[in-house]
Amino acid sequence: FPSSHPTYEDFKAQRPPVAGPNSHERINATFVTLARNSDTWDIARSIRTVEDRFNRNYNYDWVFLNDGEFSDDFKKLTTALVSGNTFYGRIPKEHWSFPEWIDQDKAAEVREDMGRRKIIYGDSVSYRHMCRYESGFFFRHPLMLNYEYYWRVEPSIELFCDVPTDPFRFMKENNKKYSFVISLYEYIDTIPTLWDSVKSFMKKHPEHIAEDNAMEFISEDGGETYNKCHFWSNFEIGSLEWLRSQQYLDYFNSLDHDGGFFYERWGDAPVHSIAASLMLKKDEIHFFNDIAYYHVPFTHCPTTEQTRLDLRCHCKPEDNFDWKGYSCTNRWFDITKMQKPEGWNDQQ
Ligand code: GDP
Ligand code: MN
């Protein structure tokens, strides 16, 4: 008799093969999630929503990464929920620790000070490692090397509409390298010197700055100052090959040496967003209006009623963040000269 508590290996061995080959041809892409064992039930909800709205028809792979060891319970549950193949990776110590050039005492003082000032995650070491890992390393994990595109999924997200066509295929066929659903202003206290660091990178590597880039999205004075706009990176569909390019790696290394992941609390969202805005062409960045999304506390819900009905959406239109004052999506539409949907100004 099989044990009533199978190990992950037992479970994997007896699990029927995934429904396949289905009518949709996949491209070379994967979901990717960074998580801890304590995230088990919250990531389960995210997987369920992604499967129901999209992946049950495609069976894309899912890679899970962790600085610790995933438990059997985490692996069994997530493998049971994902329709594609699942892979579990341990993050090497060198990618989740302080680089040797960081002054530990200075970093500790900063955490204490930011904690006192109640800056969100300001006192956390692990959050800083997480932000640095998502900024510079996840795409180089051995499990990620064979894929061309990724879709990042965090715990406790929700998708509100059917995903009508394969976003990975859309990215590939339309030469898109980075995408977003929600954009907003960053808290300045977490990144006071990030823009100085970016400016010094631009000086060192003018060859990496794209023509027809989206500088206007992130600066209102031609690059003198940062307006704090960024794409919210808890959702991302992007090109792994771009992140692995010399241009992106030079950018990350330059920022990393300036120390702000530890001496401040630089988030991977502004780090990715600034990279995309400066080093990609504007039209290599895509706004996925059709992917209705929630991560606490913001929602993207398509503005147009016909879209919501066609895609069987269950989000409340008035929750849509796109046109609210704290969103940068209005600015994105302006600088890319995209037509705003009818009714956008009633949702401000
Ligand atoms: P928030 O969305 O900025 O509030 O941050 P989250 O708590 O959602 O963390 C962002 C992502 O990193 C999520 O996918 C988390 O599961 C993951 N994460 C955060 N901290 C750690 C950690 O210390 N270890 C691991 N393995 N994952 C982490
Ligand atoms: Mn999150």
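Observations on the structure shown:
- Per residue, in Å², the accessible surface of the chain once ligands and nucleic acids are set aside, probe 1.4 Å: 46 Å²
- The figure for residue 54 is an accessible area of roughly 0 square angstrom, using a 1.4 Å probe on the protein chains alone.
- Distance from the Cα centroid of segment 201-232 to that of segment 281-338 is 23 Å (rounded to whole angstrom).
- Partnerless cysteines in the chain, where a partner means another cysteine C-beta under 4.7 angstrom, comprise 131.
- Loop sites in segment 296-348: trypsin sites (Lys or Arg not before Pro), DSSP, at most 14 other Cβ within 10 Å: 312, 324, 337
- Shape category assigned to segment 179-229 from the gyration tensor of Cα positions, a/c cut at 1.5: oblate
- Helix-derived mean residue ellipticity, 222 nm - over the chain, DSSP H n ≥ 4, -39500 (n - 2.57), to 500: -10000 deg cm²/dmol
- Were the residues from residue 38 through residue 305 laid out at 0.36 nm apart, the gain over their Cα-Cα distance would be 92.3 nm.
- 24 Å Cα-Cα threshold exceeded, pairs from 282/316; 228/340; 228/316; 118/316: 282/316; 228/316; 118/316
- Whether the chain is rounded, prolate or oblate, judged on the alpha carbon gyration tensor where a/c under 1.5 counts as rounded: oblate
- Within the accessible area of segment 303-343 (1.4 Å probe), percent carbon and sulfur: 47 percent
- Extension gain, residue 170 to residue 338, is 58.7 nm, computed as 0.36 nm per intervening residue step minus the present C-alpha separation.
The values are calculated or read from the model by the stated rules, or taken from the named source; none is laboratory data. None of the values given here were measured: they were computed from a predicted structure. Glycine also receives a Cβ, built like all others from the backbone with ideal geometry; neighbour counts cover every protein chain displayed. Keep in mind that these areas ignore ligands, DNA and RNA; they rest on the heavy atoms of the full protein, side chains included. Shrake-Rupley method; radii C 1.70, N 1.55, O 1.52, S 1.80 Å.
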